[in-house]
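Chemist: My questions all concern the structure below.
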Amino acid sequence: MGPGRTDERKTTYREALREGLREAMRSDDRVFLMGEDVGRYGGCFGVSLGLLEEFGPERVRDTPLSESAFVGAGIGAALAGMRPIVEIMTVNFSLLALDQILNNAATLLHMSGGQLPVPLVIRMTTGAGRQLAAQHSHSLEGWYAHIPGIRVIAPATLEDARHMLAPALADPDPVLIFEHGVLYNASGELGPPAAAVDLDHAAVRRSGTDISLITYGGSLPKALMAADELAVDGISAEVVDLRTLRPLDGGTIAASVARTHRAVVVDEAWRTGSLAAEVSARIAEGSFYELDAPVERVCSAECPMPYARRLEEAALPQVTDIVAAAHRAVD
Amino acid sequence: MSPARETRTRKTSKTTEAPKTAKTPRASKSVRKSGKGASADRPGAAHRRDLLHAMLRIRRFEERCVELYSAAKIRGFVHLYIGEEAVAVGVNEALTADDAVVSTYREHGHALARGIPAEAVMAEMYGRTTGCSGGRGGSMHLFDANRRFYGGNAIVAGGIPLAAGLALADRMRGQPRVTCCFFGDGAFAEGEFHETANLAALWHLPLLLVCENNRYAMGTALERHEAQTDLALRAASYGMVSWAVDGMDAEAVETAAHRAAGGIRAGAGPHFLELRTYRFRAHSMYDPDRYRDKAEIERWKAQDPIERLTDRMRERGELDDKEPAEAERRIGDEVDQAVEAAEQAPEESSESLLRHVTSTPAEVS
Ligand SMILES: Cc1ncc(C[n+]2csc(CCOP(=O)(O)OP(=O)(O)O)c2C)c(N)n1
Ligand SMILES: [Mg+2]
């Protein structure tokens, strides 16, 4: 057992991610972690704390501030048979590596006629809620979910934080993992590894009969709280956690809507051209005749994320917004 | 695991902008004199003949591409290497089958020199199933995983970080291989080059950075896109061994490349070669070439790498009179066959459109 090993039962989202990393590096020496401040500093959000001590600087590599170069280096190392995990501090910074992610990672397999799969994992923080203002708070995972050739996942629970990395590393193609910043300190009991931890399916986190709240990542806790409140009002809400944003599990969405006949899509990104728009369109295309009410969307206000607490709260989807949207659909 | 860090010295010397004579410029001469083993490796007449034929093969292949483009057999962006053949051919001499190559959209020469069959390259330009990228890449995206030829990258400088990653994997596993990355002078202005140069030097990566300085990035001349035009000097500032070499002289290129690859294999970290060269044709088939002085083009054409090597061999009595005709015939036959095979090859069925988007077909999207 290395230093910093955590209790398997009582844990946090951050520790669960770290445990996943530790397990991956112990079980496969092709796996290494690289990114800005992942080593000595312990990761800008503390996820990789202690890994440098256990695995050394070759496998826990601090990089210069060169997002494009180290993401591209991850792609090259993956092509050469390694299993790199690249950490980008936040999704806003990933834009400096967008060229490598889109034009190389997502494209090489097809452009080479199937010769060059890129088994790369990229982790990054996303989302608002910590008063970090307009250059550290956006939710751009929906942009990445637009791109064919990559898989996009968003662990929202301790179990997924702990167990999604292994299948991500086993995927022969690039996988982007979005970790919502407000989830890092989420704590609770970590259940035994569920057989259901796969990267293909959404999960019904709470069953219900009157309305489907469809969400992912940092909005999942809000949707669950909204379901609690709705229950008090006599409305039985089902909560669907998308988990994988690309490819979307349309089957689970359709099955839920077929049970509840109403849907609210909750997405912390901007509404226009969002993943929420995609989910809504799929419901309209595939479940139109199941619907008893128009699909509702709860998204962030269409402005750069402001700093002031009151403004940030006003910009973000809140539990009350979800409850209100559900009432509009049901009443 | 880190090998002793070598003292990095700047070993660049000036070549004239447009060399006026066929004389080997100073940079390469000094390389040759001081290079360990270089005199033992000094190419003999037979080797020179191979270099000559390799350049001629690329030249004739591309001349045929021009005809096929005019006949609308080949479409898309096509960037010709004509004039720059000494670079691909000379550098390739320093690489083994285990090494890796990353290239740009101007890569017909690199691909052919690397050993991708002319048939597979031609078929790719025809967009056929038998093309080296299954018809999905075209002229700008030639790939061959078995020959460790990683493209064919049409984002200026976009292949450079990837090349560093290939080199990183070798270094982490202690494999004494070289990753060779070709890019242009225009790429030198991109952040991806500078980020990667720093990273490669910092991590002592076994990376050979080959800058094909043909003095233009599309229509923008070197002096109009670089504040300091001595690229080898600037590369040296990252702590890399760096030389400027006459890129119109295949032997000089080969000697420099051998020396650089030798240094990399010995653990001295990344090396940078600035190869001063020139493209005789327009940037691409779309380019009316309005930005260059005709006299300048003619001056450089006088340095044609194929003619220079031919002249050198003639002077030394290394070429008999019927030899060039024989080589031309052999190469002509090969190109004819490549075209013929591409004409006959099946087109990829549109049913296969979504193949290779992901390794396993997604059940949902
Ligand atoms: C990032 C990017 N910007 C612009 C272009 C358009 N473009 C294609 S080639 C080229 C010039 C590049 O010049 P250089 O690197 O010197 O290579 P050369 O074409 O001379 O071989 C430009 C601007 C591109 N493909 N990628
Ligand atoms: Mg150029």
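The values are calculated or read from the model by the stated rules, or taken from the named source; none is laboratory data. What you see is a predicted model; the values in this text were computed from it and never measured. Ideal geometry is used to build each Cβ from the backbone, glycine not excepted, and the neighbour counts take in all protein chains shown.
Chemist: Confirm whether A:LEU169 is surrounded by 15 or more Cβ atoms within 10 Å (Cβ to Cβ) and either without any contact (Cβ under 8 Å) to a residue 12 or more places away in the chain or within 11 Å of the chain's Cα centre (by Cα) (or both).
Modeler: Values: surrounded by 15 or more Cβ atoms within 10 Å (Cβ to Cβ): yes; either without any contact (Cβ under 8 Å) to a residue 12 or more places away in the chain or within 11 Å of the chain's Cα centre (by Cα) (or both): no.
Spelling it out, it is not the case that A:LEU169 is surrounded by 15 or more Cβ atoms within 10 Å (Cβ to Cβ) and either without any contact (Cβ under 8 Å) to a residue 12 or more places away in the chain or within 11 Å of the chain's Cα centre (by Cα) (or both).
Chemist: Another question about this same structure. Quick test of your reading of the structure: A:ALA166 fulfils all but one of (1) assigned to a helix (DSSP H, G or I); (2) in contact with a Ser or Thr (Cβ under 7 Å, 6 or more places away or on another chain). Name the failing condition by number.
Modeler: Every listed condition holds for A:ALA166 apart from (2).
Chemist: For segment A:172-184, give me each residue that is assigned to a helix (DSSP H, G or I) and buried (at least 22 other Cβ atoms within 10 Å of the Cβ). Walk me through it before giving the result.
Modeler: Step one: of segment A:172-184, the residues assigned to a helix (DSSP H, G or I) are A:181-183.
Result: A:LEU183, single match.
Chemist: Okay, next question. Show the residue pairs meeting these rules: Cβ distance below 6 Å; 6+ apart or different chains; first residue within segment A:75-100 and farther than 18 Å from B:ALA145 by Cβ and in the same structural domain as A:GLY39 (by TED's automatic domain parsing); second residue among the hydroxyl-bearing types (Ser, Thr, Tyr) and modelled with pLDDT of 95 or more.
Modeler: Between residues of segment A:75-100 that are farther than 18 Å from B:ALA145 by Cβ and in the same structural domain as A:GLY39 (by TED's automatic domain parsing) and residues that are among the hydroxyl-bearing types (Ser, Thr, Tyr) and modelled with pLDDT of 95 or more, the close pairs are A:ILE88/A:SER94; A:THR90/A:THR125; A:VAL91/A:THR126; A:LEU96/A:SER68; A:ALA97/A:SER68; A:GLN100/A:SER68.
Chemist: Being more than 15 Å from ligand 2 (Cβ to nearest atom), farther than 28 Å from B:MET313 by Cα, within 14 Å of chain A (Cβ to nearest Cβ) and not basic (Lys, Arg) is the requirement here; does B:LEU205 meet it?
Modeler: On the way: more than 15 Å from ligand 2 (Cβ to nearest atom): yes; farther than 28 Å from B:MET313 by Cα: yes; within 14 Å of chain A (Cβ to nearest Cβ): yes; not basic (Lys, Arg): yes.
Answer is yes for this residue.
Chemist: Also: For the condition within 14 Å of chain B (Cβ to nearest Cβ), hydroxyl-bearing (Ser, Thr, Tyr) and over 17 Å from the mean Cα position of the chain (by Cα), what is the one hit in A:THR209, A:THR260, A:THR244, A:THR252? Walk me through it before giving the result.
Modeler: Numbers: A:THR209 fails: within 14 Å of chain B (Cβ to nearest Cβ); A:THR260 fails: within 14 Å of chain B (Cβ to nearest Cβ); A:THR244 fails: over 17 Å from the mean Cα position of the chain (by Cα).
On inspection, the qualifying residue turns out to be A:THR252.
Chemist: Turning to a different aspect of this structure: For segment B:340-354, what are the residues that are modelled with pLDDT of 95 or more, surrounded by 16 or more Cβ atoms within 10 Å (Cβ to Cβ) and either within 10 Å of chain A (Cβ to nearest Cβ) or part of a loop (DSSP other than H, G, I, E, B) (or both)?
Modeler: B:ALA345, the sole residue that qualifies.
Chemist: Run down B:LEU319, B:LEU309 and say which single residue is more than 21 Å from the chain's Cα centre (by Cα) and in contact (Cβ under 8 Å) with a residue 40 or more places away in the chain.
Modeler: Selected residue: B:LEU319, the only one of B:LEU319, B:LEU309 that is more than 21 Å from the chain's Cα centre (by Cα) and in contact (Cβ under 8 Å) with a residue 40 or more places away in the chain.
Chemist: If you take just the helices (runs of 4 or more DSSP H) that sit entirely in segment B:90-182, which of them hold at least 2 residues that are within 9 Å of chain A (Cβ to nearest Cβ)?
Modeler: Here the list reads B:159-172.
Chemist: OK, next. Can you name the residue in segment B:197-207 that is surrounded by 19 or more Cβ atoms within 10 Å (Cβ to Cβ) and among the aliphatic types (A, V, I, L, M) and, of all such residues, is nearest to ligand 1 (Cβ to nearest atom)?
Modeler: Checking each candidate, the answer is B:ALA197.
Chemist: Exactly one condition in (1) within 14 Å of another protein chain (Cβ to nearest Cβ); (2) part of a helix (DSSP H, G or I) is not met by A:ILE85; state its number.
Modeler: Answer for A:ILE85: the failing condition is (2).
Chemist: Check B:ALA157, B:ALA217 and return the single one that is of a type in the set (A, V, I, L, M) and at negative phi. Can you show your working first?
Modeler: Values: B:ALA157 fails: at negative phi.
The conditions single out B:ALA217.
Chemist: Working only within segment A:204-225, note down all residues that are surrounded by 21 or more Cβ atoms within 10 Å (Cβ to Cβ) and outside any loop (DSSP other than H, G, I, E, B). Before the answer, list the steps.
Modeler: In the first step, residues of segment A:204-225 are kept if they are surrounded by 21 or more Cβ atoms within 10 Å (Cβ to Cβ); the result is A:211-220, A:222-223.
Result: A:ILE211, A:SER212, A:LEU213, A:ILE214, A:THR215, A:GLY217, A:GLY218, A:SER219, A:LEU220, A:LYS222, A:ALA223.
Chemist: State which residue is surrounded by the most Cβ atoms within 10 Å (Cβ to Cβ) when the search covers only segment B:208-252 and only residues that are of a type in the set (Val, Ile, Thr) and within 15 Å of ligand 2 (Cβ to nearest atom).
Modeler: The first filter runs over segment B:208-252 and keeps only residues of a type in the set (Val, Ile, Thr), leaving B:210, B:220, B:229, B:241, B:245.
Keeping just the survivors that are within 15 Å of ligand 2 (Cβ to nearest atom) gives B:210, B:220, B:229.
On the way: B:VAL210: 27, B:THR220: 15, B:THR229: 17.
Of everything passing the filter in segment B:208-252, B:VAL210 is surrounded by the most Cβ atoms within 10 Å (Cβ to Cβ).
Chemist: Can I ask one more? So which residues in segment B:183-202 are within 8 Å of another protein chain (Cβ to nearest Cβ) and either within 16 Å of ligand 2 (Cβ to nearest atom) or touching a Phe, Trp or Tyr at 6+ places or on another chain (Cβ under 6 Å) (or both)?
Modeler: So the first thing to find is which residues in segment B:183-202 are within 8 Å of another protein chain (Cβ to nearest Cβ), and the list is B:191-192, B:195-196, B:198-199, B:202.
The answer is B:GLU192, B:ASN198.
Chemist: Of the conditions (1) of a type in the set (D, E, K, R); (2) under 14 Å from the mean Cα position of the chain (by Cα); (3) buried (at least 24 other Cβ atoms within 10 Å of the Cβ), B:ARG114 satisfies every one except a single condition; which number is it?
Modeler: Result: B:ARG114 passes all but (3).
Chemist: Does B:ASN213 count as of a type in the set (S, T, N, Q), touching a residue at least 12 places away in the same chain (Cβ under 8 Å) and within 11 Å of chain A (Cβ to nearest Cβ)? Steps first, answer last, please.
Modeler: Numbers: of a type in the set (S, T, N, Q): yes; touching a residue at least 12 places away in the same chain (Cβ under 8 Å): yes; within 11 Å of chain A (Cβ to nearest Cβ): no.
No: the conditions fail for B:ASN213.
Chemist: Also, I was wondering about something else. If we scan segment A:306-329, do we find a residue that is in contact with a Phe, Trp or Tyr (Cβ under 9 Å, 6 or more places away or on another chain) and of a type outside the set (Gly, Ala, Ser)?
Modeler: We begin by selecting, within segment A:306-329, every residue in contact with a Phe, Trp or Tyr (Cβ under 9 Å, 6 or more places away or on another chain); these are none.
No, there is no match, as no residue in segment A:306-329 is in contact with a Phe, Trp or Tyr (Cβ under 9 Å, 6 or more places away or on another chain) and of a type outside the set (Gly, Ala, Ser).
Chemist: Further question on the same structure: Within segment A:88-99, does at least one residue satisfy the condition of being in contact with a Gly (Cβ under 8 Å, 6 or more places away or on another chain) and either within 7 Å of another protein chain (Cβ to nearest Cβ) or within 17 Å of B:ASP144 (Cα to Cα) (or both)?
Modeler: Within segment A:88-99, one or more residues are in contact with a Gly (Cβ under 8 Å, 6 or more places away or on another chain) and either within 7 Å of another protein chain (Cβ to nearest Cβ) or within 17 Å of B:ASP144 (Cα to Cα) (or both).
Listed here are the residues, each with its yes/no results for (1) within 16 Å of the chain's Cα centre (by Cα); (2) not small (Gly, Ala, Ser).
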residue	(1), (2)
B:CYS132	no, yes
B:MET140	yes, yes
B:ALA145	no, no
B:ASN153	yes, yes
B:LEU166	no, yes
B:MET172	no, yes
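Chemist: A follow-up question, please. Within segment B:208-230, count every residue that is away from ligand 1 (no atom under 12 Å from the Cβ) and closer than 16 Å to B:HIS283 by Cα.
Modeler: Result for segment B:208-230: 0.
Chemist: Would you mind stating whether B:GLU251 is touching a Gly at 6+ places or on another chain (Cβ under 9 Å), acidic (Asp, Glu) and within 30 Å of B:GLY174 (Cα to Cα)? Walk me through how you get there before you give the answer.
Modeler: Details: touching a Gly at 6+ places or on another chain (Cβ under 9 Å): yes; acidic (Asp, Glu): yes; within 30 Å of B:GLY174 (Cα to Cα): no.
No, not satisfied.
Yes or no, residue by residue, for (1) among the charged types (D, E, K, R); (2) more than 14 Å from every other protein chain (Cβ to nearest Cβ); (3) under 24 Å from A:VAL182 (Cα atoms):
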{"position": "A:MET111", "(1), (2), (3)": "no, no, no"}
{"position": "A:ARG123", "(1), (2), (3)": "yes, yes, yes"}
{"position": "A:GLN131", "(1), (2), (3)": "no, yes, yes"}
{"position": "A:ALA134", "(1), (2), (3)": "no, yes, yes"}
{"position": "A:LEU140", "(1), (2), (3)": "no, yes, yes"}
{"position": "A:ILE147", "(1), (2), (3)": "no, no, no"}
{"position": "A:ARG151", "(1), (2), (3)": "yes, no, yes"}
{"position": "A:GLU159", "(1), (2), (3)": "yes, yes, yes"}
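Chemist: Let me ask something else. Only one of these conditions is not met by B:ALA325: (1) within 14 Å of chain A (Cβ to nearest Cβ); (2) loosely packed, with under 11 Cβ neighbours inside 10 Å. Which number is it?
Modeler: All conditions pass for B:ALA325, except number (1).
Chemist: Could we say that B:ALA256 is more than 16 Å from ligand 1 (Cβ to nearest atom), within 21 Å of the chain's Cα centre (by Cα) and either under 20 Å from B:ARG106 (Cβ atoms) or away from chain A (no Cβ under 14 Å) (or both) here?
Modeler: Values: more than 16 Å from ligand 1 (Cβ to nearest atom): yes; within 21 Å of the chain's Cα centre (by Cα): yes; either under 20 Å from B:ARG106 (Cβ atoms) or away from chain A (no Cβ under 14 Å) (or both): yes.
Yes, satisfied.
Chemist: Another question about this same structure. Has segment A:52-61 got any residue that is surrounded by 20 or more Cβ atoms within 10 Å (Cβ to Cβ), touching a helix residue (DSSP H, G or I) at 6+ places or on another chain (Cβ under 9 Å) and under 28 Å from A:HIS138 (Cα atoms)?
Modeler: Among the residues of segment A:52-61, at least one is surrounded by 20 or more Cβ atoms within 10 Å (Cβ to Cβ), touching a helix residue (DSSP H, G or I) at 6+ places or on another chain (Cβ under 9 Å) and under 28 Å from A:HIS138 (Cα atoms), which makes the answer yes.
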